[in-house]
Amino acid sequence: MGIVSNVIILSRTKMSGDKICVGGYCLLHNRYVRLLSDRAQALHAKEPYQIGEVYELKYSPRYSYQIDPPHVEDIAVYEKKYLKTIGQNDFLNKVATPLSIGPLHIQNLFESTLKWKNDKGYLLKSAIPSSSVVIARLSHNLEKKQFEDSFSYVDNSASFPKKYAVKYIGEMSFSKDIVLPAGTPIRFSLARWWSGNGNYLDNQGNPEERSYLQ
């Protein structure tokens, strides 16, 4: 049977090889979704989805036994029909801003479940938030130098400055330094669980899986 609903495309990001990850928002059920193929596999870069587009999709949520929280947004898309594209200002004012939470500090994303090491935020399976996607307005700027792969913020409020960095995986490239001012709606997500090829260890030296902020 499947669900038929209009879905707004919120993100299109790069994965390994020619694979992409496409995130959206289902207007029927008011929930974030992550679009997969009709066999619930990663999408190829040839897929047409672009940020701000609205599609009528026929889809089914991924089988519960395939869901690995917090990545609960996965859907298998069987049919798609392009409807329209929302302009940038309307996208921000009618979609991104109303959906966003905050303002908050980057360390408090995902229900304050993130750990931080070497400036990077990640999740452990000991504390899992309700989803792997959020649009948030931060209480501080995020900055990206032209040749860096991350946006970052240096918090000088404590005795020692602390840097928070989040990897940028969007398809758009930047030819100059970028500053995202405090209050800007930003979509954050958590990467799939990864063991770092066995290099991620807990305090007892045992292997652990992490889900990194991006």
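Has the stretch 79-102 got at least one residue that is within 22 Å of S157 (Cα to Cα), modelled with pLDDT of 95 or more and not basic (K, R)? Yes, the stretch 79-102 contains at least one residue that is within 22 Å of S157 (Cα to Cα), modelled with pLDDT of 95 or more and not basic (K, R). Among the conditions (1) touching a Lys or Arg at 6+ places or on another chain (Cβ under 7 Å); (2) open to solvent by 60 Å² or more (accessible area, probe 1.4 Å); (3) of a type in the set (A, V, I, L, M), V54 misses just one, which is (2). Residue by residue through the stretch 125-158, note down the ones that are touching a helix residue (DSSP H, G or I) at 6+ places or on another chain (Cβ under 7 Å) and of a type in the set (A, V, I, L, M, F, W, C). Hits for the stretch 125-158 are V134, I135, A136, L138. The set of residues in the stretch 70-95 that are open to solvent by less than 20 Å² (accessible area, probe 1.4 Å) and of a type in the set (A, V, I, L, M, F, W, C) comprises I75, A76, V77, V95.
Taking the stretch 64-88 as the range and being charged (D, E, K, R) and either in a loop (DSSP other than H, G, I, E, B) or in contact with a Lys or Arg (Cβ under 7 Å, 6 or more places away or on another chain) (or both) as the test, the residues that pass are E73, D74, E79.
Residues being at pLDDT 95 or above and open to solvent by 60 Å² or more (accessible area, probe 1.4 Å): count how many of those fall in the stretch 150-161.
First, pick out the residues of the stretch 150-161 that are at pLDDT 95 or above: 150-155.
From what's left, open to solvent by 60 Å² or more (accessible area, probe 1.4 Å): 154.
Residues in the stretch 150-161 being at pLDDT 95 or above and open to solvent by 60 Å² or more (accessible area, probe 1.4 Å): 1 in total.
Applying the set (1) buried (at least 19 other Cβ atoms within 10 Å of the Cβ); (2) out of contact with any strand residue (DSSP E or B) (no Cβ under 8 Å at 6 or more places or on another chain) to Y63 leaves exactly one unmet item: (1). Checking P98, P48, P103 one by one, the residue that is of a type outside the set (S, T, N, Q), in contact with a His (Cβ under 9 Å, 6 or more places away or on another chain) and open to solvent by 40 Å² or more (accessible area, probe 1.4 Å) is P103 and no other. Considering only residues in the stretch 180-214 that are among the small types (G, A, S) and open to solvent by less than 30 Å² (accessible area, probe 1.4 Å), the one that is nearest to L114 (Cα to Cα) turns out to be S211. Would you pick out the residues in the stretch 1-25 that are more than 17 Å from S100 (Cβ to Cβ) and open to solvent by less than 10 Å² (accessible area, probe 1.4 Å)? Scanning the stretch 1-25 gives S5, V7, I20, V22.
Pairing each residue of the stretch 145-165 that is of a type in the set (S, T, N, Q) with any residue that is in a loop (DSSP other than H, G, I, E, B) and open to solvent by 70 Å² or more (accessible area, probe 1.4 Å), provided the two are 6+ apart or on different chains, yields C-beta distances under 8 Å for Q146/S175; Q146/K176; Q146/D177.
The values are calculated or read from the model by the stated rules, or taken from the named source; none is laboratory data. Being a predicted model, the structure only gives us computed values, none of them experimental. Cβ: placed from backbone, ideal geometry, glycine included. Neighbour counts: every protein chain shown. To get the accessible areas, we keep the full protein, side chains included, count just its heavy atoms, and leave off ligands, DNA and RNA. Shrake-Rupley method; radii C 1.70, N 1.55, O 1.52, S 1.80 Å.
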